[in-house]
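**Student:** First the structure, then my questions, so here it is.
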Amino acid sequence: MNLLADPALLGSAAQAATALAVGAAALVGSLLSALTGSGGAIVLSLVLAPIIGVAAVVQTISVAMLLSHVARVGAFWKLIDWWVAGRILLAAVPGCFAGAVLYTKLNEAAISLVLGLFLILVVVLKRLLAGQRFQMGPTGLLVASAVFGFLSGTTIGGGLLMIPILLGAGLAGAALVATDAIVGLTMHLTKTLVFGQAAVLTSAQVWLGAVIGICMVPGAWLAKALLARIPLKVHGLLLDGVVALGGVSFVIQALRRWG
């Protein structure tokens, strides 16, 4: 059932029921994403799609991740490499804008297909590039950032591609995490503005996104207590398995809508 499709959502009873359903989904999604160490938006999308509908997932999660990244930027503000961030955003912002505009033109079947194929591609690329590190010159950094920006605007989970770009730019450790936070914040802000201007971001989606952002906090703390008990390899396998299955499910949904 698509909870966002019912106009009665704005009623108090429906609003409370929606808050409980989405809050529980966000808690589960944030717990899984924290356990695997990355891919929070991807895991959340897989949990939330059956509840709010595929067509609302990207907009709603953009609001949630926007709030999440504000907190991250605040925590790592002094460690941000502004020179690297500036060069990345120079190409990534226009790419994100173009990708978000394209997204607003897609129907629900096309959205399902794009999300599904991208999630499967993420798993494949992650396996192919495992353990490799690339050095990027100025031109390579701009090209990679533009591609990253476009995919971030059109899909969920494009943030996973930012890590190798930051490594290629020479960042590591806390500086990488901090710079990734400001880049992610800018991407989600760009998407949210485009979606709002194009009238594909509704007040209900903003409200649900805020609920999700708040509900992500306890999941992260709970995961912190479990991380020491789960081997690192299991984290990666868990994320890859969830992402791949989710990608296949999105593709199947798209084919059913077109069939």
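**Student:** Do we have any residue at all in segment 83-96 that's out of contact with any Pro (no Cβ under 8 Å at 6 or more places or on another chain) and under 21 Å from I252 (Cα atoms)?
**Tutor:** Step one: of segment 83-96, the residues out of contact with any Pro (no Cβ under 8 Å at 6 or more places or on another chain) are 83-86, 88-96.
Imposing the further condition that a residue be under 21 Å from I252 (Cα atoms) reduces the set to none.
No; the residues of segment 83-96 include none that is out of contact with any Pro (no Cβ under 8 Å at 6 or more places or on another chain) and under 21 Å from I252 (Cα atoms).
**Student:** While we're on this one: Among what's in segment 151-202 and is buried (at least 22 other Cβ atoms within 10 Å of the Cβ) and of a type in the set (S, T, Y), pick the residue that is nearest to G137 (Cα to Cα).
**Tutor:** For segment 151-202, the residue satisfying everything is T179.
**Student:** Taking I182, is it farther than 24 Å from L48 by Cα, at pLDDT 85 or above and out of contact with any Asp or Glu (no Cβ under 8 Å at 6 or more places or on another chain)? Outline the logic, then answer.
**Tutor:** Details: farther than 24 Å from L48 by Cα: yes; at pLDDT 85 or above: yes; out of contact with any Asp or Glu (no Cβ under 8 Å at 6 or more places or on another chain): yes.
The answer is yes for I182.
**Student:** Hey, does segment 39-54 have a residue that's surrounded by 19 or more Cβ atoms within 10 Å (Cβ to Cβ) and outside any helix (DSSP H, G or I)?
**Tutor:** Yes, some residue in segment 39-54 is surrounded by 19 or more Cβ atoms within 10 Å (Cβ to Cβ) and outside any helix (DSSP H, G or I).
**Student:** Tell me the residue from G29, G37, G53, G11 that is at pLDDT below 75 and at positive phi, please.
**Tutor:** On the way: G29 fails: at positive phi; G53 fails: at pLDDT below 75; G11 fails: at positive phi.
It is G37.
**Student:** Can you pull out the helices (runs of 4 or more DSSP H) entirely within segment 75-165 that have at least 1 residues that are of a type in the set (K, R) and in contact (Cβ under 8 Å) with a residue 12 or more places away in the chain? Break it down into steps so the answer makes sense when it comes.
**Tutor:** Values: elements: 82-104, 108-128, 138-154.
By residue number, 82-104, 108-128.
**Student:** Kindly indicate whether K78 is within 28 Å of L48 (Cα to Cα), at pLDDT 80 or above and among the basic types (K, R).
**Tutor:** no
The values are calculated or read from the model by the stated rules, or taken from the named source; none is laboratory data. As the structure is a prediction and not an experimental result, all values here were calculated from the model. Quick reminder, even Gly has a Cβ in these numbers, built from the backbone with ideal geometry, and neighbours come from all protein chains shown.
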